[in-house]
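Colleague: Can you keep this structure in mind? I'll have questions shortly.
The values are calculated or read from the model by the stated rules, or taken from the named source; none is laboratory data. Just so you know, these numbers come straight off a predicted model, no measurement behind them. Neighbour counts run over all protein chains shown; Cβ positions are idealised from the backbone, glycine included. Note: areas computed on protein heavy atoms with side chains; ligands, DNA, RNA excluded. Shrake-Rupley method; radii C 1.70, N 1.55, O 1.52, S 1.80 Å.
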Amino acid sequence: MITLDQAAAIAMLRYEANKTAGNCPYCGGAKDPSAFSCLNCQEKQRPAKAAWYHSRKAAGICPQCNENPAVAGQVYCLGCAAENNARSLSTHRRNKAAVLQAYGGDEPKCVGCGDDRVAILEMDHIGGGGTRHLKEIGQSKLYPWLVKNGFPEGFRILCPSCNKAAHAG
């Protein structure tokens, strides 16, 4: 008969072998390329992960590092919040650069006035519909949406002034 310790050791070996092979570490199936495990295992783990997260949050402990107290009125501790903000900003900048490259080439500029200050350039829905679309996907999700959907037609680069002028009633 296998002891509990032996079973745990076997499970850990299986987990590591699956992970090393590039498969879902839990079941050995095909891993979701954008995640750590397969979709099936993610779905199975979702309720337990949500319960754990809410228990940490209720206890006032940062659910990311599981060590430090969360900042009053916040979910994360100062260190994890700063780390998350930096990662989010980096992802935003990477997505914006990819979008501007796809729609404007190596030197993107406003199609209205020619302004080439990358920091202020933004995307516009040609022919309108931007407000409705942003409500559907989330206000700050346009750049990731464009990347994920292969840079579809119907968008152009504008500066804030030209964008406002294009949609002035």
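Okay, residues lined up against (1) charged (D, E, K, R); (2) in contact with an Asp or Glu (Cβ under 9 Å, 6 or more places away or on another chain):
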position: ILE2; (1), (2): no, no
position: ASP5; (1), (2): yes, no
position: ALA9; (1), (2): no, no
position: ARG14; (1), (2): yes, no
position: ASN18; (1), (2): no, no
position: ALA21; (1), (2): no, no
position: CYS24; (1), (2): no, yes
position: SER34; (1), (2): no, no
position: SER37; (1), (2): no, no
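Colleague: In addition: For the stretch 144-155, name all the residues that are open to solvent by 30 Å² or more (accessible area, probe 1.4 Å) and either part of a helix (DSSP H, G or I) or in contact with a strand residue (DSSP E or B) (Cβ under 6 Å, 6 or more places away or on another chain) (or both). Break it down into steps so the answer makes sense when it comes.
Modeller: Of the residues in the stretch 144-155, the ones open to solvent by 30 Å² or more (accessible area, probe 1.4 Å) are 144-145, 147-154.
Once the filter is applied, which keeps residues that are open to solvent by 30 Å² or more (accessible area, probe 1.4 Å) and either part of a helix (DSSP H, G or I) or in contact with a strand residue (DSSP E or B) (Cβ under 6 Å, 6 or more places away or on another chain) (or both), the stretch 144-155 yields PRO144, TRP145, VAL147, LYS148.
Matching residues to (1) among the β-branched types (Val, Ile, Thr); (2) out of contact with any Phe, Trp or Tyr (no Cβ under 8 Å at 6 or more places or on another chain); (3) open to solvent by less than 90 Å² (accessible area, probe 1.4 Å); (4) at pLDDT below 95:
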site	(1), (2), (3), (4)
GLY73	no, yes, yes, yes
THR91	yes, yes, yes, yes
TYR103	no, no, yes, no
LYS109	no, yes, no, no
GLY127	no, yes, yes, yes
GLU136	no, yes, no, yes
SER140	no, yes, no, yes
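Colleague: Return the residue satisfying two criteria in turn: it lies in the stretch 34-55 and is among the polar types (S, T, N, Q) and more than 18 Å from the chain's Cα centre (by Cα), and of such residues it is surrounded by the fewest Cβ atoms within 10 Å (Cβ to Cβ). Walk me through it before giving the result.
Modeller: Going residue by residue through the stretch 34-55, those that are among the polar types (S, T, N, Q) are 34, 37, 40, 42, 45, 55.
Then drop every residue that is not more than 18 Å from the chain's Cα centre (by Cα), which leaves 40, 45, 55.
On the way: ASN40: 14, GLN45: 13, SER55: 11.
This residue is SER55.
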